[in-house]
Amino acid sequence: MSRIGNKAITIPEGVEVTVAEGNEVTVKGPKGTLTRTFSPLMTIEAKDGTVTVKRPNEEKTTKQLHGTTRALIATMIEGVHQSYTKTLQIVGIGYRASLSGNKLTMGLGFSHPVEMTVPSDLTVTCPDANTIVINGIDKQRVGQFASEVRAHKKPEPYGGKGIRYKDEHVRRKEGKTAAAKK
């Protein structure tokens, strides 16, 4: 992880990075503002259009923390500059999704519709009945909400029905007819 930690992060145009007392990093950009507090072991400096993270010693846990800190700051900067998007596809006859206000309603073959409240820091759109697009500046929050939506009906290997990420490959299995052919 130390190779990752040693890389300097370039700050894009229109993004402002501030390091406060106690390693509290605030990143402001055109899409919004993110703030996070990091370990006091790390030395974080933001100057001349770059952010550098330095570690005090060569212990294994410190090296791991070094790379993780640098990666988290890089994702914060990228998030406020361009934002993150996850696209989910719903596959199955009669399966559909719709959005009304901040409620995502999905018909997934259960006896009742599944409703989820969209977090205030994320934007969710349904361009059609079988697609859900989740957008936000915090990579972790976008991925977490996408996985929560997907967990309601994971793609199954026989029919391929369920909620999957766009471009996700679902391994398909042969059904009972495979044994009958022998």
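The values are calculated or read from the model by the stated rules, or taken from the named source; none is laboratory data. This structure is a prediction, so every number in the text was calculated from the model and none was measured. FYI the Cβ positions are ideal-geometry reconstructions off the backbone, even for glycines, and counts take in every protein chain you see. Please note that ligands, DNA and RNA were not included when accessible areas were found on the heavy atoms of the full protein model with its side chains. Shrake-Rupley method; radii C 1.70, N 1.55, O 1.52, S 1.80 Å.
In terms of accessible area, using a 1.4 Å probe and ignoring ligands and nucleic acids, 137, 73 rank largest first as 137, 73.
Toward the positive end of the charge dipole of the chain, about the Cα centre and with charges on Cβ (Lys, Arg +1; Asp, Glu -1), which of 145, 114, 29 goes farthest? Projecting each Cα onto the dipole axis, the largest value belongs to 114. Each other residue within a Cβ distance under 14 Å of residue 106 adds +1 if Lys or Arg and -1 if Asp or Glu, for a net charge of +4. Of the peptides 87-94, 63-70, the order by per-residue mean of other Cβ atoms within 10 Å, starting with the highest, comes out as 63-70, 87-94. Site-free segments of the chain were taken between GluC sites (Glu not before Pro) in DSSP loops having at most 12 other Cβ atoms within 10 Å, sites themselves excluded; the longest one is 60-167. For residue 50, the residues 5 or more places off, or on other chains, whose built amide H falls under 5 Å of its own are 11. Structural descriptor for segment 1-91: relative contact order 34 percent, calculated from alpha carbon pairs under 8 angstrom and at least 6 residues apart. Seen from residue 26, the other residues with C-beta closer than 9 Å to its C-beta sum to a net charge of 0, counting Lys and Arg as +1 and Asp and Glu as -1.
Assigning unit charges at the beta carbon (Lys, Arg +1; Asp, Glu -1) and nothing else, what dipole magnitude in debye, to the nearest 20, does the chain show about its Cα centre? Present the calculation step by step, with values, prior to reporting the outcome.
On the way: 28 positive and 18 negative charges, 244 e Å.
About 1180 debye.
Leaving out ligands, DNA and RNA, and with a 1.4 Å probe, what % of the accessible surface on the chain is carbon or sulfur? The value for the chain is 49 percent carbon and sulfur by accessible area. Would you work out if segment 4-82 is rounded, prolate or oblate? Take a ≥ b ≥ c from the square roots of the eigenvalues of the alpha-carbon gyration tensor; rounded if a/c is under 1.5, else prolate when a/b is larger than b/c, oblate otherwise. It is prolate, given that a/c is not under 1.5 and a/b is the larger ratio. A simple spin-label model places pseudo-atoms 7 Å from Cα toward Cβ; at residue 147 and residue 28 they are separated by 3.3 nm. Note on exposure: 165, 95 ranked by accessible area (1.4 Å probe, complete protein assembly) read 165, 95, with the most exposed listed first.
For the residue pairs 31/139; 31/161; 31/154, alpha carbon separations beyond 25 Å are given by 31/161; 31/154.
The slack between residue 170 and residue 135, meaning 0.36 nm per residue of separation minus the straight C-alpha distance, is 10.2 nm.
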